[in-house]
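These notes concern the structure reproduced below.
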Amino acid sequence: MHLLNRAFSVSAYINAADRPVSPREIAQALSIPLSTLYRLLAVLKDWGYAADCFEAGLLTSGPVFLHNGLYLRYGLLPQAAHNALRKLAAQTRETVAVIASTPVQTVCIDMVESPQRLRCSFAVSEAQSPVLGASAKTLLAFHTPEKCKEIMNQSPLDEAARHNLQQALQDIRRQGYGTSLGEVDDNIWGVSAPVRKKDALLGVVTVMVPEHRAAGQRECFIRPLLDCTASINELIQLA
């Protein structure tokens, strides 16, 4: 319980600040040893309650707290992806989004809508299933094995569905991106690719296309998506 109280205190401190904060500042303010703080921060980042900033060494609110605006203003993933996402939207003329995850849901943190008609349930700050759709499956595929197993264990999957999902995750890891058709929204094809900082998964970028516009044209969306995530990943390594 003592560690739980400390974790809540750290989360509250980060989210009450009107600017990014450093681990040393948090440790001093809350009288927590730095070694303990780093363990708590790892858990808070996993659950979306804290996030690295684009400015190296600082922390801000995580995607769970999109409403306070700090994550979108300072977070490493939304800042690094902002320009590349808009370039991808212009190239594909389809709806594109950046998706992050917690152990119980995926969360859309940024989105550029298509000028063409598209009916989908994704919207900024809206939560979705952690196991259905291209975004969720790609996040699962590139999580650590331990986190992937944790998320799957918390989801209501029967034996057949679990087997099919595990096979899909192997395919995604092999090819470097994931796809789905109609898993979240009827007749919508999606393709997602990961964004990482070294070995840490930050989120995915997803392109969402009506099935009839994707038919026979999927490579026209996959290649620009992979170029987009490659540019974001390169920028993140420099942050």
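Below, the figures for the structure above:
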| read-out | value |
| --- | --- |
| Only one of ALA42, ALA29, ALA12 that is modelled with pLDDT of 90 or more, of a type outside the set (D, E, K, R) and in contact with a helix residue (DSSP H, G or I) (Cβ under 9 Å, 6 or more places away or on another chain) | ALA29 |
| Residue, surrounded by the fewest Cβ atoms within 10 Å (Cβ to Cβ), within the stretch 148-186, restricted to residues that are among the basic types (Lys, Arg) and over 24 Å from CYS108 (Cα atoms) | ARG174 |
| Selection count, the stretch 198-231, where residues are part of a helix (DSSP H, G or I), aliphatic (A, V, I, L, M) and at pLDDT 95 or above | 4 |
| Criterion: outside the structural domain of ARG196 (by TED's automatic domain parsing), farther than 23 Å from ILE236 by Cβ and of a type outside the set (D, E, K, R) - qualifying residue of ALA51, ALA56, ALA42, ALA7 | ALA7 |
| Segments classed as strands (runs of 3 or more DSSP E), wholly inside the stretch 20-138, with at least 2 members that are under 21 Å from GLY178 (Cα atoms), of a type in the set (A, V, I, L, M, F, W, C) and within 13 Å of the chain's Cα centre (by Cα) | 95-102, 105-112 |
| First in the stretch 207-235 and over 24 Å from ARG117 (Cα atoms), second anywhere and hydroxyl-bearing (Ser, Thr, Tyr), Cβ under 6 Å, 6 or more apart | none |
| Odd one out for SER125 among (1) on the phi < 0 side of the Ramachandran plot; (2) surrounded by fewer than 16 Cβ atoms within 10 Å (Cβ to Cβ) | (1) |
| Residue list for the stretch 147-194, filter: in contact (Cβ under 8 Å) with a residue 60 or more places away in the chain and of a type outside the set (Asp, Glu) | LYS147, VAL184, ILE188, SER192 |
| Selected residue (only one of ARG86, ARG24, ARG39 is surrounded by fewer than 17 Cβ atoms within 10 Å (Cβ to Cβ), within 20 Å of VAL205 (Cα to Cα) and free of Cβ contacts under 8 Å to residues at least 40 places away in the same chain) | ARG86 |
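Here's the yes/no breakdown for (1) within 23 Å of ILE172 (Cβ to Cβ); (2) touching a residue at least 40 places away in the same chain (Cβ under 8 Å):
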position: GLU94; (1), (2): yes, yes
position: VAL98; (1), (2): yes, yes
position: THR102; (1), (2): yes, yes
position: THR106; (1), (2): yes, no
position: VAL112; (1), (2): no, no
position: ARG119; (1), (2): no, yes
position: ALA123; (1), (2): no, no
position: ALA127; (1), (2): yes, no
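The values are calculated or read from the model by the stated rules, or taken from the named source; none is laboratory data. Being a predicted model, the structure only gives us computed values, none of them experimental. Using ideal geometry, Cβ is built from the backbone for each residue, glycine included, and neighbour counts are taken over all protein chains shown.
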